[in-house]
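One structure is given here, and the rest of the page talks about it.
Only the coordinates and a few stated rules stand behind these numbers; no lab work does. Model, not experiment: these values are computed from the prediction. For neighbour counting, all protein chains shown are included, and Cβ atoms are generated from backbone atoms with ideal geometry for every residue, glycine included.
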Amino acid sequence: MNKAYEKLTKCYKSVKKKIDFKPKIALVLGSGLGDYAKEIKVEAALDYKDIEGFPVSTVPGHKGRFIFGYVKEVPVVAMQGRVHYYEGYHMEDVVLPIRLMKKMGAEVLFLTNAAGGINEKFHAGDLMLIKDQISSFVPSPLIGPNMDKLGTRFPDMSDIYDKELRSLIKKTAKKLDIPLQKGVYIQLTGPAYESPAEVRMCRLLGADAVGMSTACEAVAANHMGMKICGISCISNLACGMTDQPLSHEEVQEAADKAAPMFKKLVTECIGAMGKSLE
Ligand code: HPA
């Protein structure tokens, strides 16, 4: 068997031994949504370190565990703490949790993150609906023998962020009176923030926001045929756009400030998605 698939199967068996829960929606909690667990009617939690073969996160402020429970009666699994490429993991390990959540039964992947604003019309604290992405600065998680059991060798990428889910999120934001920017997310490896010249490059390429995650997860989820949606919290304007140097603490602080609005939007969207998945 394919080695990466073998590892995934091992992790899945380890989860199944401990947890009997079938989520509909998989949620990845980015910076700022770290305490979203409080919004979930928690049924069970599983630390990543207790899953055999699972890559474990080292970023401060990121707790590493799956939370299983209900948001507005919708069964969800949430990743509290994601695995980043810049931590030194192979890309295959970075997306392993996404593949695992699909194996658990999740049909929808809801991605969230904190990102730097590149679009000059954006402000720190804005929320941005991801409409498309650029991930060519990080290796594809699909490199290597194809896992035929998960998806096809050459997946189509014309509608990564599902049109219906995008429309549902836009409608929900409108209903809640939450302003929502729309744009293209670009993933760079990090961990250094971009230089001003790199930010200009990203803008020229058509990106509106930059971050160090998400796009690779969407590539893996798209490969498996999951319905994907994503929202970025613009925690700061990218380097060179203000005379303020960036620090992880300030980015985290700004993301925390936007968190109440972000949480409200995510919760309402999950409720609406649950109805549309029935
Ligand atoms: N750049 C990259 N990643 C980020 C940023 C940024 O400015 N802000 C939050 N995550």
Taking the convex hull of Cα positions in the stretch 143-278, its mean projected area over all directions (nm²): 10.2 nm²
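At 222 nm, what value in deg cm²/dmol follows for the chain if DSSP H runs of at least 4 each add -39500 (n - 2.57) and the sum is divided by all its residues, to the nearest 500? The partial results should precede the final answer.
Numbers: 7 runs with 92 residues, N = 278.
So the calculated ellipticity at 222 nm is -10500 deg cm²/dmol.
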Mean Cβ neighbour count within 10 Å, used as a protection proxy, ranking 251-258, 127-134, 40-47 highest first: 127-134, 251-258, 40-47
Nearest-0.05 FRET efficiency for residue 154 and residue 121, computed from C-beta distance (R0 35 Å): 0.45
Helical segments meeting 15 Å axial Cα length and Kyte-Doolittle -1.0 threshold in the chain (DSSP H): 163-176, 248-277
Inter-site label distance for residue 9 and residue 164 at 7 Å from Cα along Cβ, in nm: 3.2 nm
nm² value of the averaged projected area, convex hull over the Cα atoms of the stretch 216-262: 4.6 nm²
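For the stretch 3-277, report the convex hull volume of the alpha-carbon atoms normalised per residue, in Å³, without decimals. Don't jump to the answer; show the numbers that get you there.
On the way: hull volume 31.7 nm³, N = 275.
In the stretch 3-277, the Cα hull volume divided by residue count equals 115 Å³.
Take the Cβ-Cβ distance between residue 171 and residue 249 as r, set R0 to 45 Å, and report the resulting FRET efficiency rounded to the nearest 0.05. Before the final figure, lay out each step's value.
Working: r = 35 Å, r/R0 = 0.78.
Taking R0 as 45 Å, the efficiency between residue 171 and residue 249 is 0.80.
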Spin-label model distance (nm) - residue 131 vs residue 70, 7 Å beyond Cα toward Cβ: 3.7 nm
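Quote the charge dipole size of the stretch 3-277 about the Cα centre in Debye, to the nearest 20; the model charges only the Cβ of Lys and Arg (+1) and of Asp and Glu (-1).
For this selection, approximately 1080 debye.
What fraction of the Cα pairs in the stretch 171-223, stated in percent, has a spacing above 13 angstrom? Present the calculation step by step, with values, prior to reporting the outcome.
On the way: 929 of 1378 pairs.
When every Cα pair of the stretch 171-223 is considered, 67 percent fall beyond 13 Å.
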log10 of Debye I(q)/I(0), alpha-carbon scatterers only, for the stretch 1-45 at 0.28 Å⁻¹: -1.05
Whole-Å semi-axes of the stretch 9-101's equivalent ellipsoid (Cα gyration tensor): 20, 17, 10
